[in-house]
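Structure, as structure tokens:
Please treat every number below as a calculation from the coordinates, not as lab data. In this text the structure is predicted, and so the values were computed from the model without any measurement. Because the Cβ atoms are built from the backbone with ideal geometry, glycine has one as well, and the counts that use them run over all protein chains shown.
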Ligand code: NOJ
């Protein structure tokens, strides 16, 4: 080992300390400069100009909500609108910016926002799919590439990450988040923020993140969109709030309020949430924007009689910017006149908005992110497509693979059947705002180009995505794209069965259309739609080996499929490179390594089902009547949190703790051996869970506290190390404090939340 002598270390440490303190000084002096600039600007502003900065309007380029605003150009010109969303491309955005900068009295630049959720033009897998990679470096890189593209296309601000913890797959928006776990969700939230914002927002390739939807939107009752949330403080703080806090601690510049009420108070009017918690307790320094129209929705919520009262409530609660509510713009002046809102309150909100523009470098150069050359270079550049395929492969979860049916060989005849096989539109998912689905690779295309002339590929549609006329009507009236076949369901099935009979193996491409998930897409029955299930059963009866390739945006109820179908691949909506990535996995070019981050329920009646549940006073015992269980189904989901198979096989052994008694000041070191004892190279995600056995407040049966994704060659073994500190053992107690309590704990390690090794230890003071 090379020796470094002590004086060198001392010099290095001193230099680092000097650098850190120099950075602090620069940061402090740049804050002083920013404050001086903004104070001077606010002094010059009229009340109307101030209100304009608090107004966010959509352009008519894309629409992401119910109400269209006409005449936004006039509003920009008159200084009544300081921020625009749903506008992109350098040309278009430049035109709007010119109006703001040239025609308004103070030349304050516009800030441009957009829903860049999983890529801008190059579409990466939907967020729930990316979460299944458990690869935070890859997710951060996806956000970095999204920022490169979005900023090159004129955007300053992206409405991501969505960090709502969700335990109810009926809710269509689970597709936008990272699933049910706060520990993993927090790591992913940080990754997005770092990826978008980098270390400096003031560059032509970084964009400001917007954490949404604050708060608890993922807990809407019965999974029904825009519904109410009722939740006690412990569940809130221990499970649902940590992801927002993680994103804010990572430096996210803005926060979007959620549509729901929390214990009766709409989030957009919740002073406790937006001021006491977010600003005072968590120290948030950025700005708060409403969701689309949610300030005006305080009226139907029944807490405001009109827009004036809505604006008054929102301003006092701590909302800085009104997205499409037209409540601030229409009423704030009058509210000031009446003495209901003070100029100081307005200045405070304006300051938050102007600071964001300042940090984004817009006062130095309003056209910073409008560069045609960068747009040409960045948008859908080859490196992005390569990465899109890589992260899409990593997002795929192998749910079942009996008799090693997968990977497929490139020989013989392969029948590709199902409504999602020859389908580009659905591959890019429901929230791919600027994405062009014509550029997406369908599953059929991917399989054909991978097989080349080595195998014969047959295709049959077999079914429409759905025959449910009410659903079809709604999907198509929302700009959907389900074009039902001219043939009857029976004819389609007959053709598919004939095709299957000609093949050696059948790849069934079933699931949901993109419009069945995302915003305003709750479903009460989350099985594969009925007409597709009929098709699957008919093909299953041919006795041909069947691989089920699922495209969908939520955990589905797959109880029948799990019992009958040999191999099941969950591919979500994988984005631009979907078909290629799926073919890579089907033919074994890559080993599947994804792990689900939401439990897949046994039946809808089991929802919410999640791994970090409480034990109850009467844990399930099928032989005893008075225990916590169902008569007709198990308590456990079909596939548990963290679950996913591989073509190779991994074994965990030798789970060892370095001590049986842990003291708060000394971390516990845990090691485990992971062996690839299968026949291929592959990656496994080792997951570490704990359980606090006796505490003043009942604790979950398992809680994720660490994970590592490791690549191992065939036959390779590796010792993995984890560390737990007393901080990891903390929970939210009855007094609302984060505490650890001495006593018995368990630690578990495994490849999913169900199949684990376990050891005991005690925490003693
Ligand atoms: C409503 C959605 O809830 C939110 O996620 C989105 O960012 C806004 N619309 C803007 O499109």
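Structure data summary
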quantity: Some residue of region 299-316 being within 16 Å of the ligand (Cβ to nearest atom) and in contact with a strand residue (DSSP E or B) (Cβ under 9 Å, 6 or more places away or on another chain); calculated: yes
quantity: Lone unmet requirement of (1) assigned to a helix (DSSP H, G or I); (2) surrounded by fewer than 16 Cβ atoms within 10 Å (Cβ to Cβ) for residue 285; calculated: (1)
quantity: Failed item, numbered, when residue 637 is tested on (1) more than 21 Å from residue 598 (Cβ to Cβ); (2) assigned to a loop (DSSP other than H, G, I, E, B); calculated: (1)
quantity: Those helices (runs of 4 or more DSSP H) lying entirely in region 72-146 with at least 1 residues over 24 Å from residue 256 (Cα atoms); calculated: 72-77, 90-103
quantity: Matching option when the condition is in contact (Cβ under 8 Å) with a residue 12 or more places away in the chain and either closer than 25 Å to residue 724 by Cα or more than 19 Å from the chain's Cα centre (by Cα) (or both), among 224, 234; calculated: 234
quantity: Any hit, region 723-739, residues being closer than 19 Å to residue 135 by Cβ, in a strand (DSSP E or B) and touching a residue at least 12 places away in the same chain (Cβ under 8 Å); calculated: no
quantity: Criterion violated by residue 430 - all others in (1) assigned to a loop (DSSP other than H, G, I, E, B); (2) over 29 Å from residue 404 (Cα atoms); (3) free of Cβ contacts under 8 Å to residues at least 40 places away in the same chain satisfied; calculated: (3)
quantity: Count of region 198-227 residues which are within 16 Å of the ligand (Cβ to nearest atom) and in a loop (DSSP other than H, G, I, E, B); calculated: 8
quantity: Top-ranked residue of region 229-258 - restricted to ones that are within 16 Å of the ligand (Cβ to nearest atom) and not in a loop (DSSP other than H, G, I, E, B), ranked as surrounded by the fewest Cβ atoms within 10 Å (Cβ to Cβ); calculated: 229
quantity: Among the residues listed as 137, 143, 187, 100, the single one being more than 14 Å from the ligand (Cβ to nearest atom), farther than 30 Å from residue 371 by Cβ and touching a helix residue (DSSP H, G or I) at 6+ places or on another chain (Cβ under 8 Å); calculated: 187
quantity: Matching entry among 518, 594, 553 (being touching a strand residue (DSSP E or B) at 6+ places or on another chain (Cβ under 6 Å) and either away from the ligand (no atom under 16 Å from the Cβ) or in a loop (DSSP other than H, G, I, E, B) (or both)); calculated: 594
